[in-house]
Amino acid sequence: MNKKVILNVESVYTSNAFMIDGKAYVGAGSETTPAVYLHDIATGESDLVADCPGGVMSFVPVPGNPDVFFSIMGLFPGFQGLEAGVFMHRRTNGKWETKRAMHLPFAHRCDVITADGKNYLFGVSCSKHKDDIPDWSRAGEVYVMELDAEGNPSEPVLVDNTVYRNHGMLKMDGKLYISGAEGIFRLELSDGKWGLVKVFGNEVSEFGFVDLDGDGQLEMATIEPFHGESMKIYKCVDGSWEEKFNHTISFGHGLSCGVFNGEPIVVVGNRRGTFTLDVIKAKDFAAGEFTVEQIEQEAGPTQTQVFTVDGTDYILSANQKKNEVALYTK
């Protein structure tokens with residue numbers, strides 16, 4: 001496994017790879033400092049996004065608007081997030097302007113999906129309010145904002161406020177999924193209104209989907225429960241998810257799935273204990289045999305992503321304990 005550090009960011013939390021006008025970028029931001037970067041994978045050049053408060057949980061582009069991005073900022077370690085929210089970043093002639101798009105206490109994730117020819121921005125909080133770190137007595141909130149042609153958001157509309165410990169978010173095949181104490185949900189647009197459709201019923205912190213056994217159907221990988229100690233793999237059999245593998249982790253974080261070097265893999269981080277970045281592969285899926293490879297030590301990963309650009313497969317990881325954003329290739 002070859003490793004390349006593309007950014008050094010103090011207390012890095014978010015790292016997200018995406019395409020803009022046919023070019024691959026990584027957006028990365030700090031959990032503590034105002035440092036937010038947009039990194040061009042091909043050239044190796046990085047652009048500092050100015051006027052950011054820090055506490056960055058997400059950084060995503062707007063489809064069709066190469067100079068407009070949204071982020072979650074203001075959620076600092078220890079769930080200090082009363083002033084958190086959704087922020088808009090616009091680049092004009094090489095200069096960045098950042099402004100708050102929505103005040104959303106304890107905001108944790110955001111992303112943009114396209115439906116019915118329109119772009120929709122979703123902002124999600126892990127809890128409506130927290131009196132202290134252990135307080136999870138209030139459900140999180142899911143809001144949606146329609147974006148106009150210039151990427152400007154409409155007034156937020158509440159979609160749901162029933163999911164507790166609302167932590168995970170995944171965009172896959174044009175659909176958006178979230179997870180929390182009540183399970184995994186898919187966001188669906190019906191008759192002009194957005195709602196949640198339940199996909200899975202266990203408490204899930206983060207999750208991903210990949211075809212591990214080559215039968216054309218997606219298996220599911222999860223971290224359970226919230227920031228949990230188990231990374232599980234399930235197969236859907238006759239409409240029900242059956243557990244096939246359970247890998248012990250510590251403060252599980254940064255789960256992602258994809259194909260790397262021709263093999264389907266699951267990537268997961270340990271933010272405590274071993275602090276390793278682990279890659280799981282199916283050796284004999286039917287027999288429940290899997291391999292676990294530790295590809296980074298003392299990393300404390302917060303977010304990972306498996307993706308492919310121009311025929312090269314990458315594993316992206318925000319290695320918070322090392323204050324680095326790294327790309328791994330074969």
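The values are calculated or read from the model by the stated rules, or taken from the named source; none is laboratory data. Small disclaimer: the values here were computed from a predicted structure and weren't measured. All Cβ positions, even for glycine, are placed from backbone atoms using ideal geometry, and neighbour counts span all protein chains on display. Ligands, DNA and RNA are stripped out before the accessible areas are found, and what is left, the full protein with its side chains, is counted by its heavy atoms. Shrake-Rupley method; radii C 1.70, N 1.55, O 1.52, S 1.80 Å.
Loop-resident GluC sites (Glu not before Pro) (DSSP state other than H, G, I, E or B) in the range 270-330 with no more than 14 further Cβ atoms inside 10 Å of their Cβ: Glu298. Summarising the amide proton neighbourhood of Asp47: residues at separation of 5 or more, or on other chains, whose placed amide H is nearer than 5 Å comprise Leu38, His39, Asp40. When the Gaussian network model of the chain links Cα atoms closer than 10 Å, the mean-square fluctuations of Asp215, Asp111, Asp191 top out at Asp191. GNM remark for the chain: springs join alpha carbons under 10 Å apart, and the peak mean-square fluctuation among Ser256, Ser46, Ser190 falls on Ser190. Summarising the label geometry, the points placed 7 Å from Cα in the beta-carbon direction at Glu146 and Lys95 lie 3.3 nm from one another. When only Cα pairs below 8 angstrom with a gap of at least 6 residues are kept, the range 71-202 shows a relative contact order of 15 percent.
For Leu218, the accessible area of its heavy atoms, probed at 1.4 Å with every protein chain present, is near 80 square angstrom. A full extension of the chain between Asp131 and Glu293 corresponds to an added length of 54.4 nm, given 0.36 nm per residue minus the alpha carbon distance. One equal scatterer on each Cα of the range 191-283, no solvent, Debye formula: the resulting log10 I(q)/I(0) at q = 0.11, 0.17 Å⁻¹ is -0.33, -0.73. Between Trp136 and any residue 5 or more places off or on another chain, the built amide H atoms are never under 5 Å apart. Taking θ as phi - 60° and the Karplus parameters 6.51, -1.76 and 1.60, the scalar couplings of the range 309-316 work out to 9, 6, x, 9, 8, 10, 10, 9 Hz in sequence order, x denoting glycine and proline. Across the range 252-264, rounded Karplus estimates of 3J(HN,Hα) from the backbone phi angles (6.51 cos²θ - 1.76 cosθ + 1.60, θ = phi - 60°) give x, 7, x, 7, 8, 9, x, 10, 9, 6, x, 10, x Hz, Gly and Pro being marked x. Expressed as a whole percent, the accessible surface of the chain that belongs to carbon and sulfur atoms is 45, based on a 1.4 Å probe. Extents of the range 243-330, largest first, come to 39, 35, 17 Å (Cα atoms, principal axes, whole angstrom).
By the gyration tensor of its Cα atoms, with a ≥ b ≥ c the square roots of the eigenvalues, what is the shape of the chain: rounded for a/c under 1.5, prolate for a/b over b/c, or oblate?
rounded
Placing R0 at 35 angstrom, the Cβ-Cβ distance between Asp211 and His103 gives a FRET efficiency of 0.30 after rounding to 0.05.
Need one word for the range 62-219: rounded, prolate or oblate. Basis is the Cα gyration tensor (sqrt eigenvalues a ≥ b ≥ c); a/c below 1.5 gives rounded, then a/b vs b/c decides. Oblate, because a/c is 1.5 or more while a/b does not exceed b/c. Of the residues Ala221, Val144, Leu82, the one whose Cα sits farthest towards the positive end of the charge dipole of the chain is Leu82 (charges of +1 on Lys and Arg Cβ, -1 on Asp and Glu Cβ, taken about the Cα centre).
Taking amide H atoms as placed 1.01 Å from N in the peptide plane, the amide H of Ile249 lies under 5 Å from those of Ser230, Met231, each 5 or more residues away in sequence or on another chain.
Result for the chain in a Gaussian network model with C-alpha springs under 10 Å: among Gly44, Gly208, Gly27, the largest mean-square fluctuation is at Gly44. Remark: the range 27-39, residue by residue, has Karplus-estimated 3J(HN,Hα) of x, 9, x, 8, 6, 10, 9, x, 5, 9, 10, 10, 10 Hz, where x stands for each Gly or Pro and the curve is 6.51 cos²θ - 1.76 cosθ + 1.60 at θ = phi - 60°.
Using 0.36 nm per residue of separation minus the Cα-Cα distance, give me the extension gain between Thr308 and Thr248 in nm, one decimal.
Numbers: separation 60, 0.36 × 60 = 21.60 nm, distance 2.80 nm.
Fully extending the segment from Thr308 to Thr248 adds 18.8 nm.
Solvent exposure of the chain, expressed per residue, is 41 Å² of accessible area, with all protein chains present and a 1.4 angstrom probe.
Rounded, prolate or oblate for the range 1-50? Axes are the square roots of the Cα gyration tensor eigenvalues, ordered a ≥ b ≥ c, and the cut-off for rounded is a/c under 1.5. Verdict is oblate for the range 1-50.
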